[in-house]
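Asker: Below you will find the structure I want to go over with you.
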Amino acid sequence: MVDGVRAISALLERMGVLVAELEADRSPGRYFLSTYTRTTKAVAAALEDGRFEDPAWVEDWDVVFADLYLDALRAYRADPASPSRPWRVAFAADPALPPIAHVLLGINAHINYDLPQALLAVIAPEDFENAHLMERRRRDHERIDHVLAERVAAEDGELEKAGPTRTPLDRLMAPLNQAASRRFLKEARLKVWHNTLALHEARLQGDDAYRRRLGDLEVLSAAKVNDLLRPGAVLVRLALVGFGVTVPPD
């Protein structure tokens, strides 16, 4: 557990450095990274509280998952053409969009594209054959959902402080938007398991098969991020049509 706490602490330090850089640049990327940093602190607290069956695995997964995003962010800041397509779309969004829009773009790219890769990185091929172990992994995965759901109302308040003054309609819609957020997070993560299994099957077939399936996921994830840029009540629409993506049969 101590090593895990150190790993989470080091992750939070890396996040803090990047938040300061984005704040100094007035980059809209600061909205998602700040949200992510607070969420990571909540996961660390849940680990300390013993809310997971396999805390060491959750810690490893949390760090691997976050680093995929941080690597994409650093790559974009060095060369905007270098990250994967979902992240290029998210990072290149109009800075004038409200903070909640930038947060949703980041969440979508991160969950749909990065999360299956992160799970694959911390679940060995032979572990997929162990039904008991995989159920433990799935349950801990669901517990992360609970941690995120607990943060929705608080993050809504943080975003209200960060962005322009909300209209009366915005305030009226807030409870509905929060309920939609909880729903789409659960829906997207269920699809993540399907996509993780698809990538696992491809991994067993070799590097070419894996790259092809990851390419499928990249295209689908980028299209979903693009869909978020359409005008309208995004959270309500996502609650109806879904937030996640599903890799089709090979």
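The values are calculated or read from the model by the stated rules, or taken from the named source; none is laboratory data. Since we're looking at a predicted model, the values are computed, not measured. For neighbour counting, all protein chains shown are included, and Cβ atoms are generated from backbone atoms with ideal geometry for every residue, glycine included. For the accessible areas, the whole protein counts, side chains as well, though only heavy atoms, and no ligand, DNA or RNA atoms are used. Shrake-Rupley method; radii C 1.70, N 1.55, O 1.52, S 1.80 Å.
Asker: Calculate the length of the line joining the C-alpha centroid of segment 64-89 to that of segment 22-59, in whole Å.
Answerer: 18 Å
Asker: Right, something else. Could you sort HIS146, HIS200 by accessible area so the largest value comes first, with the probe set to 1.4 Å?
Answerer: Result, largest first: HIS146, HIS200.
Asker: Subtracting the Cα-Cα distance from 0.36 nm times the residue separation, let me have the gained length for GLU158 to GLU218 in nm, one decimal.
Answerer: The GLU158-GLU218 span can extend by a further 18.6 nm.
Asker: If you don't mind, another one. Could you state how much accessible area ARG143 has, in square angstrom rounded to the nearest 10, with a 1.4 Å probe and all protein chains kept in place?
Answerer: Counting only protein heavy atoms, ARG143 exposes about 60 Å² to solvent.
Asker: Using each residue's phi in segment 35-40, evaluate 6.51 cos²θ - 1.76 cosθ + 1.60 at θ = phi - 60° and report the 3J(HN,Hα) Karplus result to the nearest Hz, with x for Gly and Pro.
Answerer: 4, 5, 5, 5, 5, 5
Asker: Tally Lys and Arg at +1 and Asp and Glu at -1 over the other residues with C-beta under 10 Å from the C-beta of LEU199: what net charge comes out?
Answerer: Charge balance in the 10 Å sphere: 0.
Asker: Roughly how many percent of the accessible protein surface of segment 1-117 is carbon and sulfur, given a 1.4 Å probe and a whole-percent answer?
Answerer: Working: 2690 of 4810 Å².
Summing carbon and sulfur atoms, their accessible area is 56 percent of the total for segment 1-117.
Asker: Measuring with a 1.4 Å probe in the full set of protein chains, what accessible area per residue, in whole Å², belongs to segment 1-131? Don't jump to the answer; show the numbers that get you there.
Answerer: Numbers: 5480 Å² over 131 residues.
Spelled out: the 1.4 Å probe surface of segment 1-131, per residue, equals 42 Å².
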